[in-house]
Amino acid sequence: MNRHWLTQRLRSWGDRPALIWNNESWSFARLCDGCDGWLDRLAQHGIRPGDTLAICGDYSPTLCALLIAALRNRNIIVPLASATAPRWARLMELAQVRFAVRFDGDDAWHLNRFERAVSHSLLLQLAQRGAPGLVLFSSGSTGESKASVLDFERLLAKFEPPRPAYRTLVFLLLDHIGGINTLLHALCHGGTIVATRERSADAVCAAIAAHRIELLPTTPTFLRLLLIADAIARYDLSSLKIITYGTEPMPPSTLAAVREALPWVRFKQTYGLSELGILPTQSRDSGSVWLKLGNAGFEHKILDGVLWIRSPTAMLGYLNAPSPFDADGWFNTQDLVEIDGEYIRILGRKSELINVGGEKVHPTEIENVLLQLDNVKDVTVRGRPNPVTGEVVAAKITPLLPEDPDALKRRVRQFCGARLERYKMPAIIDVVVEDHYGARFKKSRVES
Amino acid sequence: MPTAPTLAQIESIVHDRIRAILAEHGGEPARLTGADKLNATLGLSSLDLAVLVAELEAELGVDPFAKLVSITSVRSVGDLVRAYQQAFFPELGSGADDGAVATAVARAGKRRARRERG
């Protein structure tokens with residue numbers, strides 16, 4: 001495996017900075033040396049190809065070196081971000097993890113071995129083929145997280161052709177398909193990744209300014225937070241060239257506002273799922289939420305407004321759920337889309353549609369309206385059971401500045417009355433103070 | 001279990017909410033009576049009713065239609081008032097006489113007083 005193109009590629013970048021962590025720069029040469037050190041250690045500890053290995057922590061240099069070493073060692077890698085630490089034991093059990101390396105905040109590590117057998121047919125299949133694997137968990141917002149098993153070699157293949165490289169801030173967590181994609185894209189093309197310990201608006205802007213970040217992959221929720229915190233005006237963000245956003249639908253009002261604040265930046269929507277990998281996409285233009293799904297082996301079709309995808313990097317299956325693919329290998333994304341020629345617009349998850357007496361309401365449509373109201377920091381819309389119409393629209397609103405809840409509710413009703421059909425208007429309005437997102441800066445629609 | 005309001009308070013809250021919805025439609029409702037039909041007399045649509053019960057649940061903290069009462073049995077203002085009264089005073093639902101209702105109301109009052117003390 002030492003002749004693997006990845007090894008040669010990373011070595012070829014030599015003294016170029018691969019990673020900046022805690023303001024310390026690691027060159028590609030140093031990262032590769034770290035990786036070779038891990039290959040020796042893996043052998044010493046009896047961690048063989050096909051073994052399941054959990055890598056627990058965030059983007060520290062030694063962790064990144066281990067990830068590449070484990071890939072070269074053809075392990076089945078289970079990345080677990082610090083944000084999910086309370087669930088690590090259960091996730092490791094689900095993924096039949098035999099070895100785990102836990103990293104602390106200082107990049108120090110500790111290796112554990114578990115006395116459990118790898119018996120799942122998908123894991124055995126990877127081991128028999130001698131292919132490295134990747135296990136990613138769904139967020140598990142409803143029920144237990146689903147564990148997707150991917151062939152890591154297939155995911156890696158798309159990074160072999162040379163592409164432009166950027167100095168990239170790693171924002172999405174490493175246990176997310178977007179995080180893995182960001183890391184590999186940057187390293188395989190000679191870019192530099194910059195990791196921050198904190199992901200607050202100020203910490204991210206300070207890192208962009210200090211390290212001249214060019215590419216920020218993030219979420220619409222975080223972009224809104226940047227605007228609300230008024231952080232953009234307080235830092236020199238002139239180095240930014242591209243902001244990519246995904247994981248949830250982008251409210252047009254958020255995109256318009258962030259483009260106005262960062263007019264020199266190109267905005268690009270991404271689309272990916274742990275079950276499929278990341279699809280090549282092209283936004284209609286920087287200010288548009290319409291996107292074109294690229295080819296590169298990916299196929300898509302729209303049935304009854306729902307997006308289906310067939311992907312060359314699709315997972316082999318779930319460890320703890322039946323295969324979601326149909327007989328021809330198509331995957332129902334459950335994402336409702338609108339079509340305009342060759343472009344699509346993601347409206348939201350089918351399961352999140354609200355049915356008000358037979359009328360269908362997209363939560364994002366209502367959120368997009370409410371986000372235009374003065375003094376609204378964040379809003380989450382969902383369906384609430386109702387004896388008359390089955391469901392009604394319920395909106396949870398956090399004001400920017402303290403406001404009398406009844407006054408805010410009155411303003412919401414007035415504002416919506418002029419912009420929405422009656423059945424789309426929130427019947428229930430909860431005014432709260434808490435944020436609507438977790439460690440992934442993605443809106444949570446789960447009823448708390 | 002939320003603190004029980006009195007029967008009169010429940011009636012007043014239900015009437016206020018109905019009046020607020022009628023006002024949103026631009027109407028100037030006269031005094032409501034229990035016999036007023038929600039749809040036929042007052043012109044409330046199913047969506048109005050959906051909003052009404054959602055608001056009443058938020059205000060009173062109970063949903064009588066979850067188990068106790070079928071929404072399809074609610075035709076008039078009085079039916080709606082009784083549904084919420086019954087959610088707080090289940091004795092009302094079993095055709096209890098005035099004496100039993102008075103006892104139930106007194107019992108609820110004592111419960112409320114105990115909670116307020118505690």
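Here, each number is a calculation from the coordinates, and none is a lab measurement. Remember, predicted model here, so these are calculated numbers, not experimental data. Glycine also receives a Cβ, built like all others from the backbone with ideal geometry; neighbour counts cover every protein chain displayed.
Quick notes
- Taken about its Cα centre, the protein assembly as shown carries a charge dipole of about 900 debye when Lys and Arg each add +1 at the Cβ and Asp and Glu each add -1 at the Cβ.
- Of the trypsin sites (Lys or Arg not before Pro) found in the range B:53-85, those in coil by DSSP whose Cβ has at most 16 other Cβ atoms within 10 Å are B:Lys67, B:Arg75.
- A:Arg90-A:Lys377 FRET efficiency (beta carbon distance; Förster radius 41 Å; 0.05 resolution): 0.75
- Backbone N under 19 Å from the B:Thr41 label point (7 Å along Cα→Cβ), restricted to the range B:55-92: B:72-85
- Neighbour-count order for A:Arg48, A:Arg345, A:Arg98, fewest beta carbons within 10 angstrom listed first: A:Arg48, A:Arg345, A:Arg98
- Bridge orientation summary for the protein assembly as shown: considering DSSP beta bridges with both residues in this region, about 65 percent are antiparallel.
- Most positive-pole-ward Cα, A:Ser274, A:Asn332, A:Val97, against dipole of the protein assembly as shown from beta carbon charges: A:Val97
- Just so you know, the averaged projected area of the alpha carbon convex hull for the protein assembly as shown sits at 31.2 nm².
- Here the contact order of chain A, divided by its residue count and restricted to Cα pairs under 8 Å and six or more residues apart, works out to 10 percent.
- From the alpha carbon centroid of the range A:333-350 to that of the range B:41-92 is 38 Å.
- Charge context of A:Leu126, other residues only, Cβ under 12 angstrom, K/R +1, D/E -1: 0
- Which listed pairs, of A:Lys268/A:Lys396; A:Lys350/A:Lys443; A:Lys360/A:Lys409, have C-alpha distances above 19 Å, in listed order: A:Lys268/A:Lys396; A:Lys360/A:Lys409
- Sum of side-chain charges, A:Thr389 neighbourhood, beta-carbon under 13 Å (Lys, Arg +1; Asp, Glu -1): +1
- Projecting the Cα atoms of A:Val194, A:Leu66, A:Val135 onto the dipole axis of the range A:53-208, where Lys and Arg carry +1 and Asp and Glu carry -1 at the beta carbon, places A:Val135 farthest toward the positive end.
- The mean number of partner chain beta-carbon atoms within 10 angstrom of a residue's beta-carbon across peptide A:415-424 is 1.
- Estimated FRET transfer efficiency (A:Thr398, A:Ala261; beta-carbon r; R0 25 Å; 0.05): 0.75
- Dividing the radius of gyration of the alpha carbons in the range A:372-434 by their Kirkwood radius gives 0.96 for Rg/Rh.
- Distance from the Cα centroid of the range A:385-410 to that of the range A:157-227 is 35 Å (rounded to whole angstrom).
- Cβ-Cβ distance of B:Ala66 and A:Arg129, R₀ of 51 Å, FRET efficiency by 1/(1 + (r/R0)^6): the value works out to about 0.45.
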